[in-house]
Amino acid sequence: MRGFRRGLHRRSLYHRSLHLPPSPDAAHAQLLALHESGDANAAARFLREKTAAGSIFPGFLSSVVIDRACKSGDLRGALLILATMLHSGTPPPNQHAFASLIDALSKSTRLADAARALELMRDAGIHPDVVTFTVMIRGFCKNRMMERAWEIFQEMIKSNRCQPDCFLYGVLIDGYCKELRMDRALELLREMRVERRIQPDVVIYNSIVDGLCRSNRFLEAWKFLDETMVLQGCSPTVVTYTSLIRGACKAKKMKLAVRIWNAMLERKIQPTIVSYSVIIDGLSKAGRVYDAYRVVREMETLGCELNVVIYTTLIDGLCKSGFLDDAYALYRIMKRSGAFPNQRTYATLIDTFCRNDRTETALGLFDHIRDYCPLDVAMYTAVVSGLCRERRLDDARALFREMRLAGVSADTHAYNVLLHGAFRSERPEEAFRILEELGDDPGCVANLLTYNTVIAGCCLESGMVLFYEMRQRGIAPDFATYSALIDRLLGSGEIGRAFDLCEEMLASGLSPPSGVLGRVVARLCWSRRGDLAAKVIEMAMAVDDTASFSLPWDDEDGAAQDEDSQGEELGSIKDGATQEEPVP
DNA sequence: TTAGGGTTAG
């Protein structure tokens with residue numbers, strides 16, 4: 001309070017000085033006037049020039065100018081003021097100015113500069129407070145640099161000058177959740193609760209629920225809500241429900257997703273446009289476009305305006321269900337409605353045209369929208385994929401080059417599409433060149449799909465080399481990897497090696513499609529190795545038994561464990577509630 | 001006076 005009063009006093013002094021005749025404070029008054037006129041650039045320039053010419057401004061005033069410059073996006077100006085001040089021996093900017101600068105730098109992904117500003121701050125003898133550390137750590141978290149985030153956190157703890165609070169834990173926990181490192185996230189949650197006695201709030205719990213759902217640990221997310229969050233006296237919000245609904249949709253549990261939706265309405269929690277997007281997307285992807293459309297109608301009845309996400313979600317649903325003309329009609333309605341299509345809308349349409357043998361239409365749309373919408377990697381990749389589908393590998397390669405020349409970075413998915421195209425055009429030598437390019441691209445790293453694409457396309461021996469390489473790189477093969485190799489081995493008559501791989505696959509707990517297993521068993525029987533065939537069947541049964549565990553909520557109403565696609569009523573907001581209460 | 005959570009595409 002005292003600090004606040006002092007601030008007020010200073011501000012009023014400067015205000016008064018504006019009306020005084022020229023005085024030694026004239027430069028200050030002029031700076032303040034510039035600052036208050038809202039012209040951050042001019043204020044920054046003035047401060048810089050005057051300081052360089054020997055004027056000395058109070059630290060408070062220059063800090064305010066730096067803060068305003070940061071907020072108006074004039075990062076260059078803010079940095080120049082900082083440099084001028086630090087070199088001219090005038091009082092350094094205060095903690096707020098540094099915090100503001102570090103925040104602006106990390107939001108512009110200039111993380112190295114932000115870290116340097118933190119160092120400069122310490123050099124100037126100002127101790128960063130918990131907020132300054134939080135904005136710095138948040139920058140690393142948002143850019144998926146959790147190791148750096150953790151280092152700064154440790155530095156803060158070691159300096160022993162400020163203590164972490166609920167917000168800072170929230171930033172770190174969310175960072176780990178976004179990286180799906182749930183063990184780290186849960187460990188930090190325990191640390192804050194047990195060791196530091198900080199009560200987590202609903203935002204932190206929501207991060208955890210969402211992280212568990214994204215990690216395909218829906219059951220645990222559910223248990224977490226029920227057994228930890230609610231027990232700690234924290235009620236779920238619309239965000240919690242939205243994450244759970246998305247998790248249920250992802251786990252292909254649409255019936256449960258709808259039940260959670262209805263329970264949310266019953267609790268008088270109003271869905272937001274985000275929750276509507278999630279349920280509409282879930283229904284569309286489950287092939288229930290009509291139900292999705294009913295939800296949209298309900299939104300409209302309630303006066304809720306459809307945004308670009310809702311339109312794009314519906315267009316995607318229509319495309320994936322084969323209603324291409326309806327999707328295009330909706331796209332035209334969307335444009336008239338004022339919700340302008342974005343890169344995702346276009347990527348969806350382009351991809352759909354390509355998949356339906358209308359590559360020329362897709363190319364036409366692609367060329368047409370160049371003038372309206374910056375092209376991104378997904379839009380290019382959709383066209384590249386269409387060209388590859390038509391075995392126009394050279395055209396695809398040319399477009400890929402054009403993309404990079406236009407300054408759009410490729411990602412692993414883009415390379416994977418191109419690799420698939422090379423094999424489709426029966427040009428394995430080209431595929432290996434593309435694989436090399438991927439390896440040289442600093443922004444990309446080969447993933448499971450990359451290896452599966454190449455292994456499925458190349459010869460057996462190269463495939464085995466890649467199989468060992470991927471495991472060395474910590475990429476676990478999935479059933480597609482094994483199936484491709486096992487089929488190659490069977491084709492070359494190497495039944496023993498095929499059995500070994502099959503055994504390894506089953507031992508790793510992978511639930512394989514029955515096709516490849518059937519082929520292995522048949523070949524083993526023909527080769528009079530019934531003992532090995534029996535072993536394969538026995539191991540496959542063991543894998544299947546563990547895979548088919550039942551879920552508690554399916555038992556409650558005696559519902560089948562397999563996902564239904566119909567039969568669950570979507571509650572409306574007015575009367576929508578189910579009788580049962582399985583949802584927390 | 002600076003800081004944390006849920007949405008759509010290739």
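Ordering A:384, A:366, A:349 by the projection of their Cα atoms onto the charge dipole of region A:342-445, which places +1 on the Cβ of Lys and Arg and -1 on the Cβ of Asp and Glu, puts A:349 at the extreme positive end.
Computed on protein heavy atoms with a 1.4 Å probe, the accessible areas place A:368, A:96 in the order A:96, A:368, largest first. Putting +1 on Lys and Arg Cβ atoms and -1 on Asp and Glu Cβ atoms, find which of A:403, A:97, A:287 reaches farthest to the positive end of the dipole of chain A. Most positive-ward Cα: A:97.
If Lys and Arg each add +1 and Asp and Glu each add -1, what is the summed charge of the other residues whose beta carbon sits under 10 Å from the beta carbon of residue A:387? Result for the local shell: +1. With respect to chain A, whose longest principal axis is taken over its alpha-carbon atoms, helix A:59-71 is tilted by about 30°.
Surface composition of region A:342-445: carbon plus sulfur atoms contribute 48% of the solvent-accessible area (1.4 Å probe, protein chains only, all chains present).
With the charge dipole of chain A set up from +1 on Lys and Arg Cβ and -1 on Asp and Glu Cβ about the Cα centre, the Cα lying farthest toward the positive end among the listed residues A:492, A:421, A:128 is that of A:128. Legend: translational diffusion of chain A by Stokes-Einstein, Rh = Kirkwood radius over C-alpha pairs, 10 °C, 1.306 mPa s; D = 55 µm²/s. With a threshold of 23 Å on the Cα-Cα distance, the over-threshold entries among A:71/A:107; A:178/A:255; A:252/A:320; A:50/A:107 are A:178/A:255; A:50/A:107. Peptides A:344-354, A:452-462, A:531-541 ranked from most to least packed, by the mean per-residue count of other Cβ atoms within 10 Å: A:344-354, A:452-462, A:531-541. Take residue A:136: with every protein chain present and a 1.4 Å probe, its accessible area is about 0 Å². Once you divide the Cα radius of gyration of region A:39-143 by 2.2 N^0.38 Å, the number left is 0.99. Using Cβ point charges alone (K and R +1, D and E -1), the dipole size of region A:39-143 about the Cα centre works out to roughly 220 debye.
Taking the Cα centre of chain A as origin and assigning +1 to Lys and Arg Cβ atoms and -1 to Asp and Glu Cβ atoms, the resulting dipole is close to 2160 debye. Where the centre of each part is set by its Cα atoms, how far does region A:449-474 sit from region A:483-511, in angstrom? Using only Cα atoms, the two centres lie 14 Å from each other.
For every other residue with a beta carbon closer than 14 angstrom to the beta carbon of residue A:206, add +1 if it is Lys or Arg and -1 if Asp or Glu, then tell me the sum. Charge balance near residue A:206 sits at 0. Counted residue by residue at 0.36 nm each, then reduced by the alpha carbon distance between them, the extension gain from residue A:401 to residue A:199 reaches 67.5 nm.
For a quick check of your reading of the filter: which trypsin sites (Lys or Arg not before Pro) in region A:388-426 sit in a DSSP loop and have no more than 16 other Cβ atoms within 10 Å? Passing both the DSSP loop test and the Cβ count: A:391.
Taking all protein chains as shown and a probe of 1.4 angstrom, residue A:150 keeps an accessible surface of around 60 Å². For region A:300-339, the Kirkwood hydrodynamic radius from C-alpha pairs, put into Stokes-Einstein at 10 °C and a viscosity of 1.306 mPa s, yields a diffusion coefficient of 153 µm² per second.
What residues from region A:274-310 fall in the zone where the backbone N is under 18 Å from a label point 7 Å along the Cα-to-C-beta line of residue A:411? Under 18 Å, as judged by backbone N against the label point of residue A:411, lie A:309 of region A:274-310.
Axis angle, to the nearest 10 degrees, between helix A:479-491 and the longest C-alpha principal axis of chain A: 40 degrees. The residues packed around residue A:500, meaning those with a beta-carbon under 14 Å from its beta-carbon, carry a net charge of +2 if Lys and Arg are +1 and Asp and Glu are -1. Around the Cα centre of region A:342-445, unit charges on the Cβ atoms of Lys, Arg, Asp and Glu (plus for the first two, minus for the last two) sum to a dipole of about 240 debye.
Against the main long axis of the alpha-carbon atoms of chain A, helix A:238-250 sits at an angle near 30°. Per residue, region A:39-143 exposes an accessible area of 43 Å² to a 1.4 Å probe, with every protein chain left in place. Averaged per residue, region A:342-445 has 50 square angstrom of accessible surface, using a 1.4 angstrom probe with ligands and nucleic acids left out.
The values are calculated or read from the model by the stated rules, or taken from the named source; none is laboratory data. Model, not experiment: these values are computed from the prediction. So basically every Cβ, Gly included, is an ideal-geometry build from the backbone, and we count neighbours across all protein chains shown. Side chains included, ligands, DNA and RNA excluded: accessible areas come from the protein's heavy atoms. Shrake-Rupley method; radii C 1.70, N 1.55, O 1.52, S 1.80 Å.
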